[in-house]
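A short write-up of the structure that comes next.
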Amino acid sequence: MTYTTIFKEDAEYQSFTNEYLRKKARFEEMAQQGLYNKEHLKEVANKLHKDLETNVKTHHQTRIETIEKRMDELQKVTQKTRYAERPGDAKEFEMRFKLANDYELQNMVQDLDTTDLLEITLLRMELKNRNLEQQSERVKRYAILNKLDGMTEQQQQEQEELQYQLGVFSTLGTRNIILNDAPVPLDNIGRELSKTANQVVNDKVIRDVDLNQF
């Protein structure tokens, strides 16, 4: 799956981008007619830009949260299985990590050299409980790089796809939008809309703009 396919197959994303393109076409048509108040057209340009920014930001945050939630669900399934199979080892690991101070835990992360998924999982849980997020993510990356997630092949494939999607959204950020299979900076769109409004020449304006159309 290419990164553009992710957005093509996203109904919500396609809905608000297509809505923007329809309104943009209407806005450009009005600007070309020379019948509308320039200042009002500038207001339309600003509204189109702000609404698009809001939609992109909201969608981005929602998708990131959804992806991360599903990734955590997959990890918890594996975690529960390992814990049930080895309750004695689990209690031993938990006690060792709880008795360690923050400095000792950070050293454990620094010197991490194990293939035991249960140990890795419980270490990460203790780090998260202490709000040591940076170290927790380091342990997570260690498990992924060393393929120690303990998932089935199907779960692993889903996890890899989710990781790819997360990377795409993180790279694209909230200041770009995919249009015509290519990322476009939202700042460029704002400048383009403003330019369209500013090019209007209308000495005899007979109509104002109804913002409710946009």
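The values are calculated or read from the model by the stated rules, or taken from the named source; none is laboratory data. Everything numeric here is computed off the predicted structure, so don't read it as measured data. Here Cβ is always computed from backbone atoms with ideal geometry, including for glycine, and neighbour counts include all displayed protein chains. Just so you know, the surface numbers come from the protein's heavy atoms only, side chains and all, with ligands and any DNA or RNA stripped out. Shrake-Rupley method; radii C 1.70, N 1.55, O 1.52, S 1.80 Å.
Evaluation of Ile178 against the conditions (1) out of contact with any Phe, Trp or Tyr (no Cβ under 9 Å at 6 or more places or on another chain); (2) within 30 Å of Glu43 (Cα to Cα); (3) open to solvent by less than 50 Å² (accessible area, probe 1.4 Å); (4) not small (Gly, Ala, Ser) shows that the sole unmet condition is (1). None of Glu104, Glu53 is touching a residue at least 40 places away in the same chain (Cβ under 8 Å), of a type in the set (Asp, Glu) and open to solvent by 30 Å² or more (accessible area, probe 1.4 Å) except Glu53.
Check region 16-33 and report whether any residue there is closer than 18 Å to Gln61 by Cβ, modelled with pLDDT of 95 or more and not aromatic (Phe, Trp, Tyr). Yes. Looking at region 107-123, which of its residues are modelled with pLDDT of 90 or more, of a type outside the set (S, T, N, Q) and assigned to a helix (DSSP H, G or I)? Scanning region 107-123 gives Met108, Val109, Leu123. Scanning region 82-101 for residues that are more than 19 Å from Tyr142 (Cα to Cα) and touching a residue at least 40 places away in the same chain (Cβ under 8 Å) yields a total of 0. Of all residue pairs spaced 6 or more apart or on separate chains, those with beta-carbon atoms under 6 Å, a first member in region 116-143 that is open to solvent by 20 Å² or more (accessible area, probe 1.4 Å) and a second member that is among the aliphatic types (A, V, I, L, M) are Leu117/Leu148; Arg124/Val139; Gln135/Val109; Gln135/Leu127; Arg138/Val109; Tyr142/Leu112. Gln156 passes every criterion in (1) more than 14 Å from the chain's Cα centre (by Cα); (2) open to solvent by 50 Å² or more (accessible area, probe 1.4 Å); (3) modelled with pLDDT under 90 apart from (2). Being at pLDDT 80 or above, basic (Lys, Arg) and open to solvent by 80 Å² or more (accessible area, probe 1.4 Å) is a description that does not apply to Arg207.
Residue-by-condition table, conditions (1) without any contact (Cβ under 8 Å) to a residue 24 or more places away in the chain; (2) closer than 30 Å to Glu158 by Cα; (3) more than 24 Å from the chain's Cα centre (by Cα):
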site	(1), (2), (3)
Thr5	yes, yes, no
Tyr13	no, yes, no
Ala31	no, no, yes
Gly34	no, no, yes
His49	no, no, no
Thr66	yes, yes, no
Lys69	yes, yes, no
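Could you look through region 1-48, keep only residues that are outside any helix (DSSP H, G or I) and more than 21 Å from Lys195 (Cβ to Cβ), and pick out the one that is most open to solvent (accessible area, probe 1.4 Å)? Talk me through it step by step, then tell me what you get.
Step one: filter region 1-48 for residues outside any helix (DSSP H, G or I), giving 1-2, 9-10, 34-37.
Retained after the next criterion (residues that are more than 21 Å from Lys195 (Cβ to Cβ)): 1-2, 9-10.
Numbers: Met1: 115, Thr2: 77, Glu9: 131, Asp10: 23 Å².
So, considering only residues that are outside any helix (DSSP H, G or I) and more than 21 Å from Lys195 (Cβ to Cβ), the one most open to solvent (accessible area, probe 1.4 Å) is Glu9.
Just so you know, in region 144-153 the residues that are open to solvent by 80 Å² or more (accessible area, probe 1.4 Å) and assigned to a helix (DSSP H, G or I) include one that is modelled with the lowest pLDDT, and it is Glu153. Looking across region 159-175, the residues that are open to solvent by less than 70 Å² (accessible area, probe 1.4 Å) and either more than 20 Å from the chain's Cα centre (by Cα) or touching a residue at least 40 places away in the same chain (Cβ under 8 Å) (or both) come down to Gln159, Glu161, Leu162, Gln165, Leu166, Val168, Phe169, Leu172, Gly173, Thr174.
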